[in-house]
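Working notes, beginning with the structure itself.
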Amino acid sequence: MNIYKNKNIFITGHSGFKGSWLHLFLENLGGNVFGYSLYPNTNPSHFNLLGGSNYFNGIFADIRDQKALSVSICKFNPHIIFHLAAQPLVRESYKNPIETFEINSMGILNLLNVIHQVKNKLTNLKAIVIITTDKVYHNNEWIWGYRENDRLGGYDPYSASKACGEIIVDSMRSSFFNINEFGKSHNILIATARAGNVIGGGDFSADRLIPDLINGIIHKKQTIIRNPLSTRPWQNVLEPLRGYLMLGERLLQGDKLFASSFNFGPDINGNLRVIDMLEIASKIWNKIDYKIETSTDNPHEATLLMLDTSKAYNLLQWKPQFNTIDSIEFTINWYKEFIENKNIITKQQLKYYMRG
Ligand SMILES: NC(=O)c1ccc[n+]([C@@H]2O[C@H](COP(=O)([O-])OP(=O)(O)OC[C@H]3O[C@@H](n4cnc5c(N)ncnc54)[C@H](O)[C@@H]3O)[C@@H](O)[C@H]2O)c1
């Protein structure tokens, strides 16, 4: 991925879990990175543990603020944009549906509208990768993985807001960045990336399995497990990030075939039930302590969710580098080092992963 060397890369959501890892990944590839996000809303946060604003180049501003977004993008004149800024939690979306739609759906529209408005000033811009989620599919609770051309949907506001985001991208691409007009009225290719449940060091968000277990260890409390039988496509954060970068590379090369949607998920063995994930994790670190407490009061969350990643495999030659156990072990080791030795091993893990 030499293509990122000396390129200007604009990341929204760089203060978050995935965005901070992506920032570092791109720096290691020789890119000039600039981030646009809100201040981290967890304490600790991966962003601040790595040095916060002293380390990361960027600005704290709202994706709903079109003016600030426009000024930042024009000033930086990026070659590529990775859009990750979002309200990413299902349970939070039940509490704040309006804000979730404003940030997730309107956030995507704001970004693409700003680009449309100022595209003549953006002399470098060739590519935009919009990060949505595996939850954009209408969930049939079936045993097959969803393909990119399956029906979109979303029961909870988070899933629906991201599915709306997909429709917005499709509309804005057709209307203003049409691939048939590429190289004529514009030079920008846009893709969306739909990844499964991501695990990895440095995530401290509430209502996610591994962060909940880690918060339990930090606060010496047993973690309550709500949905032990839910199946999710778990993968280490570096796997989809590598996928996003491979997708961005093809867009930067001007390959129109890639201006579409791509799933990134684990191989079939990575589709684990929560309970199986817990068993593996607690074998790796015996401090992990949990109690299963199912209740009918819980808001609805999908039970079965799997992704078909044949498109990424066949067109991008992307496949996960880790098996499930490696992914879980890699993740738990990050937290173990952090809690037991106050070590942040992000850079070591990234180097290890990048060796392939
Ligand atoms: N973590 C997962 O398992 C997972 C799975 C699939 C998709 N995703 C998607 O990946 C992306 C990143 O998720 P994450 O897990 O790193 O989440 P996160 O909560 O750690 O990070 C979210 C980022 O978005 C920024 N943000 C939120 N609201 C904003 C606003 N109004 N204006 C500007 N910035 C704002 C935050 O400041 C933060 O930098 C999201 O789009 C999420 O939907 C995550």
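Here, each number is a calculation from the coordinates, and none is a lab measurement. For clarity, every value in this text was computed on a predicted model and none was experimentally measured. Cβ sites come from the backbone with ideal geometry, for glycine too, and all protein chains shown count toward neighbours.
Here are the numbers for the structure shown:
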quantity: Dipole of the chain, positive direction: furthest Cα of Asn139, Phe204, Asn178, with charges on the beta-carbon; calculated: Asn178
quantity: Cα gyration tensor shape of the stretch 237-356, rounded if a/c is under 1.5, else prolate or oblate by comparing a/b with b/c; calculated: oblate
quantity: Stretch gain in nm, segment Lys347-Phe182, where the contour uses 0.36 nm per residue and the Cα spacing is subtracted; calculated: 55.6 nm
quantity: Amide H contacts of Val33 (H built 1.01 Å from N, under 5 Å, at least 5 apart or other chain); calculated: Ile9
quantity: The chain: angle of helix 324-341 to the longest principal axis, Cα-based, in degrees nearest 10; calculated: 80
quantity: Burial order of peptide ranges 275-286, 6-17, 251-262, 28-39 (average beta-carbon count within 10 Å, highest first); calculated: 6-17, 28-39, 251-262, 275-286
quantity: Simple Cβ-charge dipole of the stretch 1-86, Lys/Arg +1 and Asp/Glu -1, about Cα centre, in debye nearest 20; calculated: 160
quantity: Counted charge near Ser185, where neighbours are those whose Cβ lies closer than 15 Å (Asp, Glu -1; Lys, Arg +1); calculated: +4
quantity: Total formal charge among the other residues, if their Cβ is under 12 angstrom from that of Phe101, Lys/Arg +1 and Asp/Glu -1; calculated: -1
quantity: Cross-link pairs beyond the 26 Å C-alpha cut-off, checked among Lys5/Lys347; Lys119/Lys347; Lys95/Lys342; calculated: Lys119/Lys347; Lys95/Lys342
quantity: Across Lys18/Lys287; Lys121/Lys311; Lys283/Lys319; Lys7/Lys184, pairs whose alpha-carbon gap is larger than 30 Å; calculated: Lys121/Lys311
quantity: Charge tally in the Cβ shell below 15 Å around Ile168, where Lys, Arg are +1 and Asp, Glu are -1, Ile168 excluded; calculated: +1
